[in-house]
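Below is one structure, written out as structure tokens, with a few remarks after it.
The values are calculated or read from the model by the stated rules, or taken from the named source; none is laboratory data. Computed from a prediction, not measured in an experiment: that's the story for all the values here. Cβ: placed from backbone, ideal geometry, glycine included. Neighbour counts: every protein chain shown. Surface areas here come from the heavy atoms of the whole protein model, side chains and all, with no ligands, DNA or RNA. Shrake-Rupley method; radii C 1.70, N 1.55, O 1.52, S 1.80 Å.
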Amino acid sequence: MKLATLKSDGRDGRLVVVSRDLAWCADAHQVAPTLQAALDDWERCEPELRSLSDELERETIPRERFHERDALSPLPRAFQWADGSAYVNHVELVRKARNAEMPATFWTDPLMYQGGSDAFLAPRAEIPLGDTAWGCDMEGEVAVITGDAPAGCSVEDAAKSIRLVMLVNDVSLRGLIPGELAKGFGFFQAKPPSAFSPVAVTPDELGEAWDGKKLHLPLLVKYNGELFGKAECGVDMTFDFGQLVAHLAKTRPVTAGTIVGSGTVSNKLDDGPGKPISEGGVGYSCIAEIRMIETINDGKPTTPFMQYGDTVRVEMKDKDGKSIFGAIEQEVVKA
């Protein structure tokens, strides 16, 4: 089942079910007015939404064309957005580039921060940037939306709480991060609104690509129209989504509508740093990573962060080459 939120008069949009080919949608207001409302009452709403989805596929109910440009992020705002760093290879590169030793616990205890969740960007919305000196970067990620999960739940129970899967462009201002981290209180200004894919899907929709805790498909990131990354999401993922949700729930309950991100999808190559696609690698899901590798190899980075007019596209395709979630497609503009 595929779900999306279309623009409406309300802040939280209107919920629709979307056809598997992303061509059509049907209003779901009779089941739940918004995605958050559906998540709050998932036991009742999920089978009704699934029935609506089946009817949409059979073309037995009123339908309308689905246009990704009309979609908001599936949850235009959320009670919680917690982003992990499941691909420790990415963290290792960042620290190595500044000659900082990585604590051994980074391989056993997930990193996670709580991002701003009060206003997400739409998947086709512009990225407003006040100053290019802030070092604007994209971060291609996978995310899940959970139902309720009790405090202290097991990894297995945490995985069972996953309701939906989607993609993320976690916008980061790299130039502001060092100063904020130096204060010892975490990110804030360095993490402006993120954007999520036009469509969120139930895990069963992913077939064998979803093993219950990981998504095993490449994440396609295009930068200014050129393929920049095609990292495999199921490879080099040190912490799966069950572990990430359980980490979040260690001391507090997780409520329905919580979004948990994977962090930048990152692959090694022959047990070493990844390489650009042009050099036989799978590329990168963010600019910072190629800059780190340039620093390690050449002593300084040469690839600039995003400038006004630069574009990013984040997408994932199934084994038949069809888009699963629709595409995040954004341009950086002067705020």
Given a 1.4 Å probe, how much area per residue of the chain is accessible, in Å²?
-> 44 Å²
In vacuum, with every alpha carbon of the stretch 248-335 counted as one equal point scatterer, what does the Debye formula give for log10 I(q)/I(0) at q = 0.12, 0.19, 0.22 Å⁻¹? Two decimals, please.
-> -0.60, -1.10, -1.19
The stretch 1-62, Rg to Rh (Cα coordinates; Rh as Kirkwood inverse mean 1/r) | 0.94
Cα-based equivalent ellipsoid, the stretch 51-98: semi-axes from gyration tensor eigenvalues, Å | 41, 14, 12
With all protein chains present, calculate the accessible area of Glu279 using a 1.4 Å probe and round the result to the nearest 10 Å².
-> 120 Å²
Carbon-plus-sulfur fraction of the accessible area of the stretch 214-316, 1.4 Å probe, in percent?
-> 49 percent
Count, lysine Cα pairs under 15 Å in the stretch 217-335, 8 or more residues apart or across chains = 6
The stretch 198-241: translational diffusion in µm²/s, Stokes-Einstein, Kirkwood Rh over Cα pairs, 20 °C, 1.002 mPa s | 181 µm²/s
Beta carbons within 10 angstrom, averaged per residue: use that to sort the peptides 146-152, 310-316, highest first.
-> 310-316, 146-152
So what is the 222 nm mean residue ellipticity for the chain from helices alone, if each DSSP H run of at least 4 adds -39500 (n - 2.57) and you divide by all residues, rounding to the nearest 500 deg cm²/dmol?
-> -5500 deg cm²/dmol
Given a Förster distance of 25 Å, the FRET efficiency implied by the Cβ-Cβ spacing of His67 and Asp12, rounded to the nearest 0.05, works out to 0.85
Cα convex hull of the stretch 152-268: mean projected area in nm², to one decimal?
-> 9.0 nm²
For the chain, what's the relative contact order in percent, using C-alpha pairs closer than 8 Å and at least 6 residues apart?
-> 22 percent
q = 0.08, 0.10, 0.11, 0.15 Å⁻¹: log10 I(q)/I(0) that the Debye formula gives for the chain, counting C-alpha atoms only = -0.35, -0.55, -0.67, -1.28
C-alpha long axis of helix 88-97 to longest principal axis of the chain, angle in ° = 30 degrees
What order, most packed first, do the peptides 33-42, 132-141 have when packing is the mean number of other Cβ atoms within 10 Å of each residue?
-> 132-141, 33-42
Just by accessible area at a 1.4 angstrom probe, what is the order of Trp81, Trp24 from largest to smallest?
-> Trp24, Trp81
Would you please put 163-172, 11-20 in order of how densely packed they are, using the mean number of other Cβ atoms within 10 angstrom per residue and starting with the highest?
-> 163-172, 11-20
Using the C-alpha gyration tensor of the stretch 1-133, what are the square roots of 5 times its eigenvalues, in whole angstrom, with the largest one first?
-> 37, 18, 14
For the chain, give the share of DSSP beta bridges that are antiparallel, in percent and rounded to the nearest 5; count only bridges with both residues there.
-> 85 percent
Sketch the reach of a paramagnetic label on Val333 as a point 7 Å from Cα along Cα-to-Cβ, and name the residues of the stretch 63-79 whose backbone nitrogen lies under 17 Å away.
-> 69-73
Principal axes first, then extents: for the Cα atoms of the stretch 94-238, list largest minus smallest coordinate on each axis, whole Å, largest first.
-> 43, 38, 30
Zero-based 10 Å bins, Cα pair distances in the stretch 132-178, whole percents | 24, 30, 24, 20, 2
Enumerate the calculated ³J(HN,Hα) couplings along the stretch 287-302 in order (Karplus 6.51 cos²θ - 1.76 cosθ + 1.60, θ = phi - 60°), each rounded to whole Hz, writing x wherever the residue is Gly or Pro.
-> 6, 4, 5, 5, 5, 5, 5, 4, 5, 5, 7, 10, x, 7, x, 10
Accessible area of the stretch 94-178 belonging to carbon and sulfur atoms, whole % at 1.4 Å probe = 51 percent
